[in-house]
Amino acid sequence: MAKPPGRRDEILAAFIRSVAERGYERTNFGDIAAELGMSKGTIVHHFGTKDQLLRELQERYMRQRLDEARRILAAVESPADRVAALIYAAVFYQAYHRDEAVAFQREIVHLRDSPVLEDARKLRAEYSELVTAVVRDGMADGTFRPGDADLMSLMFYGSVQWMWTWYNPDGRVGPEDIAAQQVDLVMGGLLADHERQRRTPNAEISALVRRCLAG
């Protein structure tokens, strides 16, 4: 018997909203079924277990972020502008893909050892290496000061990833300003010459990133 069209995506979207609002442990099939007006058996039919829903969330999120990052890097040449663009993208995820970003980040601890999330761990490692490679390239051509590229990438990108804990979509500072200030902060630590200006203004980086995120 064919699955009802759209049911799988509808279930996943409700799961993502619940995890973003309440966390994985407090999310259950009963609440999702009640919200969607379906039986718990329908959810089990599509996904089997809650771990499988988490796997789908994590893998789908990381695949989308990787695709977007590759489009961004294909459109930007200099290491400094590439770092700036990746920061803008990370901030925009928090603002415009809020539920997905929060659900992914707040349950990141599950990536450490869950066998179900092995592929998600690989995707996250691939993304981390992509970011580190940009920093490494900047060190190689003299744009960035010498240092441990892996550590620097973790430090600056990790700070953006934890933005979900304090960002308020209705707050006084919007995503454009947050991204611009984060870029300035990171560049202060990365650039070999602090007087050196990036080639592309923030407004152009922002517009480029928006196009890449739109596909």
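Taking amide H as placed 1.01 Å from N in the peptide plane, the amide H of PHE144 sits under 5 Å from that of MET139, ALA192, each at least 5 places away or on another chain. Restricting the trypsin sites (Lys or Arg not before Pro) of the stretch 1-73 to loop positions (DSSP other than H, G, I, E, B) with no more than 10 neighbouring Cβ atoms within 10 Å leaves ARG26.
For the pair VAL116 and GLU35, label points projected 7 Å from Cα toward Cβ lie 1.7 nm apart. Put a plus charge on the Cβ of each Lys and Arg, a minus charge on the Cβ of each Asp and Glu, and nothing anywhere else: the dipole of the stretch 1-48 about its Cα centre is then about 120 debye. The 3J(HN,Hα) values that the Karplus relation (6.51, -1.76, 1.60; θ = phi - 60°) gives for the stretch 181-190 are, in residue order, 5, 5, 4, 4, 5, 5, 5, x, x, 9 Hz. Gly and Pro appear as x. Remark: relative contact order (the chain) = 27 percent; criterion is Cα-Cα distance under 8 angstrom and separation of 6 or more residues. For the stretch 113-215, the square roots a ≥ b ≥ c of the C-alpha gyration tensor eigenvalues yield an a/c of 1.5 or more together with a/b not exceeding b/c, which makes the shape oblate. So for the stretch 1-48, Kirkwood radius off the Cα pairs, Stokes-Einstein at 25 °C and 0.890 mPa s: how many µm² s⁻¹? Value of D from the Cα-based Kirkwood radius: 226 µm²/s. Picking from THR27, LEU12, ILE43, whose Cα lies most toward the positive end of the charge dipole for the stretch 1-48 (charges on Cβ: Lys, Arg +1; Asp, Glu -1)? Of the candidates, ILE43 comes out farthest on the positive side. Placing dummy labels 7 Å off each Cα toward the beta-carbon, the span from ARG98 to LEU154 is 3.2 nm. In terms of its alpha-carbon gyration tensor, the chain comes out prolate; a/c meets the 1.5 threshold, and the first ratio a/b outweighs b/c.
Of the GluC sites (Glu not before Pro) found in the stretch 22-103, the ones in coil according to DSSP and having at most 15 other Cβ atoms within 10 Å of their Cβ are GLU25, GLU77. Of the trypsin sites (Lys or Arg not before Pro) in the stretch 110-215, the ones in a loop by DSSP (not H, G, I, E or B) with at most 13 other beta carbons within 10 Å are ARG112, ARG172, ARG196, ARG199.
Since every read-out is calculated from the coordinates, none of them should be taken as a lab result. Not measured: the values here are computed from a predicted model. Methodologically, a virtual Cβ is constructed for each residue, glycine included, from the backbone with ideal geometry; neighbour enumeration extends over all protein chains shown.
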